[in-house]
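Step one of this worksheet: look at the structure below.
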Amino acid sequence: MSQFFAIHPETPQARLIQQAVDIIHRGGVVVYPTDSAYALGCQLGDKKAVERIRRIRALRDDHNFTLVCRDLSELGTYARVDNAAYRLLRHATPGPYTFILEATRDVPKRLVQPKRKTIGLRVPDHSIPQALLQVLDEPLMSATLALPGEEYPMTDPYDIRDHLEHEVDLVIDGGFCGLEATSVIDLTGSAPLILRRGVGDVSDFEDA
């Protein structure tokens, strides 16, 4: 049976944030709000928790996982970023974008896209994940909470609890989230490639 925390979306309660991070440290899978949709998250190096997220989402082995980071300096630890990509990232973060970049050796091999050796990275503009990341002191391994066969991510934390109370360890109620996931931008080539048009405005990447 999962726990259920109501956390204020603008001024997260420090006590509940600490309890949520303790659950993550113990191998828990948590549902948390972002600036796009609700997401599933777990500790970066926890193999069993990652496999649980794979099972909940019915993800293929070649799925590009996302590391949710506090800021650009943390992002640079886990991805190779040239000057042109850095300028685009600096302009677009924090925000509802997932960037596909070449992974460094600091990323666990099981999270790297096996053929392209890439990883998704993003810096959310939302107080709850930022508070979690500050206490966790490392990126959160994450995937959008879109269940198999569903076109859109789940948006209501009470529905999420009803559907996943035996699959996850914690549902964080941060209020209503949108129906769209992030925009996904591939920055591994000579020019940005828009892989998915989601919440974020992608016009700057089309002109880059």
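What follows is calculated from the coordinates using simple rules that are stated; it is not laboratory data. This one's a predicted model, so the numbers in the text were calculated from it and none came from an experiment. Here the Cβ is made from the backbone with ideal geometry for all residues, glycine too, and neighbour counts use every protein chain on show.
Compute the normalised compactness of region 164-208: alpha-carbon radius of gyration over 2.2 N^0.38 Å, N being the residue count. Write out the running numbers ahead of the final one.
On the way: Rg = 15.8 Å, N = 45, 2.2 N^0.38 = 9.3 Å.
So region 164-208 has a normalised radius of gyration of 1.69.
How big is D, in µm² s⁻¹, for region 116-189 by Stokes-Einstein at 20 °C and 1.002 mPa s if Rh is the Kirkwood radius over C-alpha pairs? List each step's numbers first, then the result.
Details: Rh = 14.5 Å.
After rounding, the answer is 148 µm²/s.
Under a 5 Å amide H to amide H cut-off, with H placed in plane at 1.01 Å, what residues pair with Arg196 once short-range neighbours are removed?
Long-range HN contacts for Arg196: Val184.
Taking the chain as the region of interest, what is the percent of Cα-Cα pairs per 10 angstrom bin, listed from the shortest bin to the one with the maximum distance?
Answer for the chain: a P(r) of 9, 38, 38, 14, 1 percent.
Measure off 7 Å from each Cα along the Cα-to-Cβ vector at Arg105 and Thr155, then give the distance between these two points in nanometres to one decimal.
Simple spin-label model gives 4.6 nm for this pair.
Assuming 0.36 nm per residue, please report the length gained on full extension of the stretch Asp204 to Ala6 beyond their Cα-Cα distance. Write down the numbers at each step before the final one.
Working: separation 198, 0.36 × 198 = 71.28 nm, distance 3.58 nm.
That works out to 67.7 nm of additional length.
List the residues, sorted by chain then number, that are 5 or more residues from Phe4 or on another chain and whose placed amide H is less than 5 Å from its amide H.
For Phe4, the qualifying residues are Val171.
With θ set to phi - 60° and the Karplus curve 6.51 cos²θ - 1.76 cosθ + 1.60, what are the ³J(HN,Hα) couplings of region 108-118 in order, to the nearest whole Hz, using x for Gly and Pro?
x, 4, 5, 8, 7, 4, x, 7, 9, 6, 10
Please report the spacing between the Cα centers of region 167-196 and region 34-69 in Å, no decimals.
Distance between centres, Cα-based: 11 Å.
What distance in nm separates the two pseudo spin-label positions at Leu193 and Arg26, each 7 Å out from Cα along the beta-carbon direction?
4.3
Ordered by packing density, taken as the mean number of other Cβ atoms within 10 Å over each peptide's residues, highest first, how do 146-154, 199-207 rank? Let's see the in-between values first.
On the way: 146-154: 12.4, 199-207: 14.3.
Output ranking for 146-154, 199-207: 199-207, 146-154.
Order of 110-117, 189-196, 177-184 by packing, highest average Cβ count within 10 Å first?
Values: 110-117: 14.4, 189-196: 12.2, 177-184: 20.4.
The packing order, highest mean first, is 177-184, 110-117, 189-196.
Would you kindly state how much longer the chain becomes between Gln18 and Leu72 on full extension, computed as 0.36 nm times their sequence separation minus their alpha carbon distance, in nm to one decimal?
Details: separation 54, 0.36 × 54 = 19.44 nm, distance 2.34 nm.
Gain on extension, Gln18 to Leu72, equals 17.1 nm.
Assuming R0 = 22 Å, what is the FRET efficiency of Ala84 and Asp62, from their Cβ-Cβ distance, to the nearest 0.05?
Numbers: r = 27 Å, r/R0 = 1.21.
For R0 = 22 Å, the calculated efficiency reads 0.25.
Mind listing the Cα extents of region 55-150 along all three principal axes, in Å, largest one first?
Ordered largest first, region 55-150 gives principal extents of 35, 31, 23 Å.
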